[in-house]
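The structure appears below as structure tokens.
The values are calculated or read from the model by the stated rules, or taken from the named source; none is laboratory data. What you are looking at is a predicted structure, and each value in this text was computed from that prediction instead of being measured. All Cβ positions, glycine included, derive from the backbone under ideal geometry; neighbour counts span all protein chains shown. SASA here: full protein model, heavy atoms, side chains in, ligands and nucleic acids out. Shrake-Rupley method; radii C 1.70, N 1.55, O 1.52, S 1.80 Å.
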Amino acid sequence: MDSNTPARTATHSHVSSAIPHFIDQSTELDLIDVLTIILRKKFTILAFIIVAALIAVAVSFMMPQRWTSKAVLVPAESSQLKNINDALTKMSVLDIKTDITADSLLADFMRDFDSQRLREKYLVNTRYFKKLEALTAGDDESRDRLINDILQGNIESRSSIKSKEANKKEYLYYDVEYSAETAVDARDLLEGYINYVAREVNDELYRRLENKIKQAKMKESDLYNLEMMQEQIKHRSKIERLQYALDIARSAGIQKPSWSNGGVIQDDPDFSVTLGADGLARKLDIEKSLPVGSLNDELQNRRVYIEKLNALKIEPADDMPFKYMSTPSEPLTRDAPRRTLMVLLFALIGLVVGCGYVLAKSVMASRAVK
């Protein structure tokens, strides 16, 4: 047994010398040993970092691009609403009241801007959508999915109004934005959609004003017809009373006005005969010859008012219902993918994987020798 001891000792010494000095028999590594391995294998780790960075660059080019164009809108100034103000002035002269203001026009614009129906109606007629649609399967399902993908999160609006506290005035403005796969497309889509919505607002405003005028015409025409019917009844009653008074005067032998002879006649309150038969006959002829309502000032004024309403013409406006504080412009920076961030992240992953690889390989090599 003692004779084998030198052999075992020699064998043990040989194996121990084969194991790296920085790895003990329990395969535990201290920090200095780890740093030594990393520094020794720095080119291998660098290769991992470079490969990971190249993968990040390749992936970033394969991912869809996202560029966002933005604009800031505020209520329009009076000088920008010349056509609209001209129309409102014509209507106010005829006492047609409206609630159109710069703030209400901007509110109408933002309401339509956020309309899903208008967004889709605008999008499907753009060159951008038709270009992407050509890359799909061409069926209705693919088309609907493409519309939803483009509209979902790619067009946004935000208001400056954060609270509705009483007596608190805040500067009103809206941020609007549109995202696309290129900077030019983003700008063109936002600018085109803003113009599209502005036309919709102006068309809707024209219809509202026309409806106001139409309602005023209907109201005044109905009132005029009602007053004319009342005037016809009064006219017919007046003629009948004069006819009865004339018959009574002739029966009573009162030919001349009663005051012409110096006499006094107790007049009938329902059928006055003091004018005498001659006077009543003349008055009756005049009354019959007069058009109904010709001596009624209110009725004549209403007729003139209706003529003015019929002559009132409102032309569709092309005014912008807002003012640009910041116009849609071509974005200078990309929203996604963030290529620099991706390269740094992948490089960090490559560093971690590379370090893990060289450390694991060192441990496995030491175990294989053992």
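Structure notes:
- For I306, net neighbour charge (Lys/Arg +1, Asp/Glu -1) across residues whose Cβ lies under 11 Å away: +2
- Taking the 1.4 Å solvent-accessible surface of segment 44-184 as the whole, the part contributed by carbon and sulfur is 55%.
- Of the accessible area of segment 285-353, computed with a 1.4 Å probe over protein heavy atoms only, carbon and sulfur atoms account for 60 percent.
- Shape of segment 171-310, Cα gyration tensor, a/c cut at 1.5: prolate
- Size check on segment 290-341: the Cα extents along the three principal axes, sorted descending, read 93, 17, 14 Å.
- Average silhouette area of segment 116-207, convex hull of alpha-carbon atoms, in square nanometres: 8.3 nm²
- Globularity index of segment 58-139, i.e. its alpha-carbon radius of gyration over 2.2 N^0.38 Å: 1.76
- Accessible area of I50 in the full protein assembly, 1.4 Å probe (Å², nearest 10): 90 Å²
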